[in-house]
1. Looking at the range 120-127, can you tell me whether even one residue there is touching a residue at least 12 places away in the same chain (Cβ under 8 Å), under 28 Å from Lys15 (Cα atoms), not assigned by TED's automatic domain parsing to the domain that holds Glu679 and not hydrophobic (A, V, I, L, M, F, W, C)?
2. Got a sec? Which of Ile330, Ile383, Ile365 is more than 16 Å from ligand 1 (Cβ to nearest atom), within 23 Å of Val424 (Cα to Cα) and either part of a loop (DSSP other than H, G, I, E, B) or out of contact with any Phe, Trp or Tyr (no Cβ under 9 Å at 6 or more places or on another chain) (or both)?
3. Considering only residues that are away from ligand 2 (no atom under 16 Å from the Cβ) and either free of Cβ contacts under 8 Å to residues at least 24 places away in the same chain or assigned to a loop (DSSP other than H, G, I, E, B) (or both), which ones fall in the range 272-300?
4. Considering only the range 18-39, state which residues are over 18 Å from Asn645 (Cα atoms) and charged (D, E, K, R).
5. I need the helices (runs of 4 or more DSSP H) fully contained in the range 594-700, keeping only those with at least 3 residues that are modelled with pLDDT of 90 or more and closer than 23 Å to Leu295 by Cα.
6. Mind checking whether some residue in the range 298-305 is within 16 Å of ligand 1 (Cβ to nearest atom), within 28 Å of Leu658 (Cα to Cα) and among the polar types (S, T, N, Q)?
7. Looking at the range 301-320 only, could you name the residues that are within 16 Å of ligand 2 (Cβ to nearest atom) and of a type outside the set (Ser, Thr, Tyr)?
8. I'd like to verify a number: residues in the range 415-447 that are within 16 Å of ligand 1 (Cβ to nearest atom) and among the small types (Gly, Ala, Ser), how many?
Amino acid sequence: MSTASLLSNPIEYLKGVGPLRADLLKKELSLFTFNDLLHHFPHRHIDKTKVGTIASITPDMDFIQIKGVLQGIDIIGVKRSKRLVTQLKDETGTIELAWFQGITWVQKNIVEGQAYLVFGRVSFFNGKAQMVHPEIEPYVATTMAQKSLLEPVYSSTEKLKARGLNAKQIGKLTQTLFQQISDRDIPENLPKHLLENRMGRWEAYRQIHFPSSQANYKKAVDRLIFEELFIAQVRLNLIKIDRHKNSKGLLFEKVGNYFNTFYSKHLPFELTGAQKRVIKEIRQDVGKGYQMNRLLQGDVGSGKTMIALLAMLIAADNGFQSCLMAPTEILATQHYESLSALLKEMPIEIALLTGSTKIGERRRILKGLLEDDIHFVVGTHAIIEDVVQFKNLGLAVIDEQHRFGVAQRARLWKKSTIAPHVLVMTATPIPRTLAMTAFGDLDYSVMDELPPGRQPIKTVHRYETSRASVMDFVKTEIVKGRQAYYVYPLIEESEKLSFEDLMQGYEQVKSFFPEPTYKISMVHGRQSSVEKETNMHRFKTGDTQILVGTTVIEVGVNVPNASVMVIESAEKFGLSQLHQLRGRVGRGKEQSYCILLSSVKAGREAKARLKIMCTTNDGFVIAEKDLEIRGPGDIDGTRQSGALNFKLANIINDKIALEEARQAAFELCEKDPTLQSPENAVIRSFLISQKSKIGWGKIA
Ligand code: ADP
Ligand code: MG
């Protein structure tokens with residue numbers, strides 16, 4: 001198929017554009033080519049066949065078209081209020097029309113006593129209906145018959161308007177475009193079976209600009225949205241298939257003694273259904289000979305650490321080492337401690353490597369990793385450093401992924417000749433639709449089930465004015481033997497402010513909970529890691545009952561006896577952060593509470609967030625709401641992925657289309673992963689023309 005489409009022509013080749021206007025179109029609207037203009041869709045259409053009456057005008061009305069006769073044309077006012085006014089009269093009443101600009105031109109072009117068709121937005125001035133700068137044209141009986149039903153309205157800019165390119169004139173350019181191109185320039189790219197009940201591609205582009213009816217417009221939009229989503233999904237599927245086929249991976253053929261012994265003798269609890277499913281998915285992945293690149297999404301407390309351990313045991317069974325990376329030293333240490341406890345009766349060597357590991361110990365670990373005496377190493381970024389060399393790294397588990405960049409992951413891969421399997425675990429649930437689009441090329445598991453016997457956390461929102469009663473409540477919990485967290489926001493602009501906030505808070509907490517009856521730990525960013533560690537440790541062991549801190553404790557910390565989480569200035573936190581923080585409690589058998597303190601003055605959006613927190617504990621539901629409030633592209637843990645740059649589709653509003661597109665793409669790629677079959681030629685050539693970054697050489 002020919003790819004030399006007219007659509008790649010520069011915009012100045014379009015009749016009526018020329019170099020000057022072309023320059024402006026490029027600068028103002030990023031319209032460089034015919035293709036860009038084709039995709040500059042109208043943001044709405046005006047039905048010009050509908051003519052209203054002046055009597056029917058109401059204040060809540062947006063645009064209206066009226067037919068009437070002009071009476072009295074006057075120029076009144078001076079300077080900035082100088083304007084041309086005239087009255088338009090129909091059978092039901094009169095309305096004032098006014099122009100503040102282009103007065104001379106208007107004056108020349110309208111005639112008193114003649115009939116005009118007027119279109120514009122109605123505004124009310126001193127209680128009187130008025131139209132400022134309406135579109136106006138002489139009314140001729142035949143005008144109506146000739147008019148296309150729905151006229152497109154395009155976005156324009158002040159600069160363009162000044163150069164004679166207003167919404168209407170851009171419409172003219174689009175009309176010219178459609179005169180110059182033909183259906184050969186917009187070939188079909190969906191296979192036949194997806195075209196039943198769906199508008200063809202060329203027709204859809206024509207109808208989205210110049211619809212012959214509302215119904216056809218809707219069909220056109222639906223078709224183009226589906227196409228957008230479908231193509232994106234096919235692309236992601238092909239990338240995934242390509243990776244599976246062409247990335248050489250380590251083969252973990254068997255599940256052996258380490259895994260089996262642990263599973264039958266040392267597993268402290270029955271796995272949840274979700275945990276069983278995920279470990280099975282991982283086992284299948286690593287046994288296929290390609291590199292696993294799996295994202296595990298699990299809500300806070302769903303038991304991801306156990307998944308990491310089981311996967312690492314499989315690696316050990318196949319003679320490979322594993323590493324587990326956490327974003328903070330506190331977390332790394334916690335993982336190390338819990339894994340060590342679980343593995344205490346197992347012949348597994350496990351080490352902890354962080355920035356504060358002492359030189360001697362560090363030397364021992366580096367040697368152990370190189371000589372294969374150490375099976376598992378748990379740590380922070382320290383693991384990525386080049387001096388850390390493995391004998392045979394087979395699996396890298398990355399916990400709480402959104403703190404690690406892609407580049408850092410890449411450094412991990414370089415630690416063995418064949419890239420190790422990678423399991424990324426994140427506790428910031430991402431809505432399904434977002435995951436499908438942003439991570440569609442990864443292997444993806446979800447753990448949407450919590451271990452049994454957990455009591456749902458009770459969450460309430462209180463204003464700061466009732467802090468005293470909140471403190472009293474916390475006291476009753478502490479008296480029962482429980483522990484509590486007090487979290488203060490990290491003020492991003494100023495570390496100093498955050499620090500002062502925290503210190504003030506600390507003093508306040510201390511005045512309610514005086515020593516020596518109560519003991520308080522504090523952790524914050526200015527402490528040395530040893531200090532942090534000591535304070536955390538005292539809280540963990542129950543030596544202190546209260547932990548005051550900033551968001552250092554946001555991720556992963558596991559102290560099952562803690563039953564209260566108080567979040568100060570909760571309006572300053574995002575939803576996923578609040579959810580993470582709340583996840584620090586509710587880890588034991590006792591009823592837990594989360595108290596969100598905010599200022600009375602918190603904004604509307606912030607209050608909406610707090611309300612959501614009070615109504616659900618489900619991280620996936622929260623993520624959906626977050627997406628609705630903030631829109632895509634801004635959600636923690638998502639890559640700035642090209643897959644999200646849709647022109648028409650919107651993953652929030654077009655969920656159903658997305659699901660359908662995904663299913664269709666999956667089936668197509670499953671059946672014909674190289675797109676060789678004749679019916680898929682259309683999509684294949686389309687992808688090639690789009691220069692998709694797919695290893696075509698490899699799959700051809
Ligand atoms: P997260 O997914 O947030 O990282 P963790 O791995 O820290 O969760 O697990 C949270 C708590 O739940 C831990 O105390 C862990 O021992 C416990 N846990 C994990 N899986 C189960 C299970 N299947 N049954 C009971 N408790 C479990
Ligand atoms: Mg965790």
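The values are calculated or read from the model by the stated rules, or taken from the named source; none is laboratory data. What you are looking at is a predicted structure, and each value in this text was computed from that prediction instead of being measured. Glycine also receives a Cβ, built like all others from the backbone with ideal geometry; neighbour counts cover every protein chain displayed.
1. Looking for residues that are touching a residue at least 12 places away in the same chain (Cβ under 8 Å), under 28 Å from Lys15 (Cα atoms), not assigned by TED's automatic domain parsing to the domain that holds Glu679 and not hydrophobic (A, V, I, L, M, F, W, C), one finds none in the range 120-127, hence no.
2. Values: Ile330 fails: more than 16 Å from ligand 1 (Cβ to nearest atom); Ile365 fails: within 23 Å of Val424 (Cα to Cα).
Going through Ile330, Ile383, Ile365 in turn, just one is more than 16 Å from ligand 1 (Cβ to nearest atom), within 23 Å of Val424 (Cα to Cα) and either part of a loop (DSSP other than H, G, I, E, B) or out of contact with any Phe, Trp or Tyr (no Cβ under 9 Å at 6 or more places or on another chain) (or both): Ile383.
3. Hits for the range 272-300 are Lys276, Lys280, Gln284, Gly287, Lys288, Gly289, Gln291, Met292.
4. Selection gives Arg21, Asp23, Lys26, Lys27, Glu28.
5. 655-671
6. Start the filter on the range 298-305 by keeping residues that are within 16 Å of ligand 1 (Cβ to nearest atom), which leaves 298-305.
If we keep only those that are within 28 Å of Leu658 (Cα to Cα) as well, we get 298-300, 302.
Add one more test, that the residue is among the polar types (S, T, N, Q), and what stays is 302.
The answer is yes, given that some residue of the range 298-305 is within 16 Å of ligand 1 (Cβ to nearest atom), within 28 Å of Leu658 (Cα to Cα) and among the polar types (S, T, N, Q).
7. Gly301, Gly303, Lys304, Met306, Ile307, Ala308, Leu309, Leu310, Ala311, Met312
8. 2
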